[in-house]
1. Could you sort the peptides 172-182, 141-151, 50-60 by per-residue average Cβ neighbour count (10 Å cutoff), highest mean leading?
2. Using unit Cβ charges (K, R positive; D, E negative) and no other charged atoms, how large, in debye to the nearest 20, is the dipole of segment 91-156 about its Cα centre?
3. Remind me, relative contact order of the chain in percent, using alpha carbon pairs under 8 angstrom and six or more residues apart?
4. Using the crude model of +1 on Lys and Arg Cβ and -1 on Asp and Glu Cβ, and no other charge, please compute the dipole size for the chain relative to its Cα centre, in debye to 20.
5. For the chain, what is the calculated [θ] at 222 nm in deg cm²/dmol (nearest 500), taking -39500 (n - 2.57) for each run of four or more DSSP H residues and dividing by its residue count?
6. Around Gly13, with a cut-off of 11 angstrom between Cβ atoms, what is the net charge of the other residues, counting Lys and Arg +1 and Asp and Glu -1?
7. Tell me which residues come under 5 Å, amide H to amide H, from Leu160 once H is placed; ignore anything under 5 positions away on its chain.
8. Once you place label points 7 Å from the Cα toward the Cβ at Asp176 and Tyr14, how far apart are they in nm?
Amino acid sequence: MSEILKVDSLATGYGDLRVVWDVSFSVEQGEVLALLGRNGAGKSTILRAIMGLNAVHKGSIEYDGDDLGSLPAYERVSRGLGFVQEGKRLIGDMTVDENLRLGANVKRWNRRQLAPRMEWAYDMFPVLRDRRSSLAAMLSGGQQQMLGIAQALMPEPRLLLVDEPSAGLAPAIVGDVLDTLARLQETGMSIVLVEQSVDFALSLASHVVVVDLGHLVFSSRADAPGVRAAVRDAYLGRSEVEAQ
């Protein structure tokens with residue numbers, strides 16, 4: 001497999017406030033990497049830096065062999081990065097159909113070009129087809145999460161960043177979200193998953209990294225012996241570990 005994302009010695013934050021100090025990891029094509037850590041550890045900040053929403057103070061981010069530098073977020077989307085932000089960042093007074101079209105806007109497709117991608121989205125997320133004329137604000141939490149994922153997929157990304165997809169969802173709906181991400185991984189899509197639920201993340205991931213206070217404290221194959229105990233210890237801040 002080829003490397004699609006490389007984060008090297010990343011330091012980033014908000015303005016002059018540094019939140020992430022030194023984080024390195026890579027993602028192979030078709031791999032799911034789980035980025036774990038306690039609240040406030042810097043996980044979402046890392047995703048925002050990858051998408052160009054937070055400035056890189058130090059280090060580098062490479063996508064498909066190219067240094068992204070200061071490339072704006074919309075250019076990163078057009079190159080094949082997608083971002084499902086925490087909290088289902090949809091436009092509530094727009095319909096499902098309009099939100100999906102907005103997701104594809106960076107491609108500047110005409111109506112004929114857009115039509116098959118819209119059909120793909122509704123085939124992938126059939127629950128949205130029946131609600132295509134409904135306002136996003138009127139959807140259930142699970143339906144909004146599905147719409148957020150579908151919207152991020154509209155420009156045909158090769159790498160999808162997903163921030164806390166199970167947050168606030170009922171257990172049955174969490175299973176649907178997990179199944180959706182698994183289906184995407186089966187198509188060869190690469191995913192970086194930020195998730196509080198360790199069980200959810202490890203059921204999907206092939207590699208796992210844990211950050212704490214803006215530093216990488218653990219990195220391992222997700223199927224390595226003892227990985228759950230090691231992740232637990234990293235969450236508790238007991239040690240810095242790197243398993244093979």
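What follows draws every value from the coordinates through simple rules; no lab data is involved. Everything numeric in this text was worked out from a predicted model, so none of it was measured. When we count neighbours, we look across all protein chains shown, and the Cβ atoms used for this are built from the backbone with ideal geometry, even at glycine.
1. Top to bottom by mean Cβ count within 10 Å: 141-151, 50-60, 172-182.
2. 260 debye
3. 26 percent
4. 660 debye
5. -10000 deg cm²/dmol
6. +2
7. Hits under the 5 Å cutoff: Gly82, Ser190, Ile191, Val192.
8. Roughly 3.2 nm, to one decimal.
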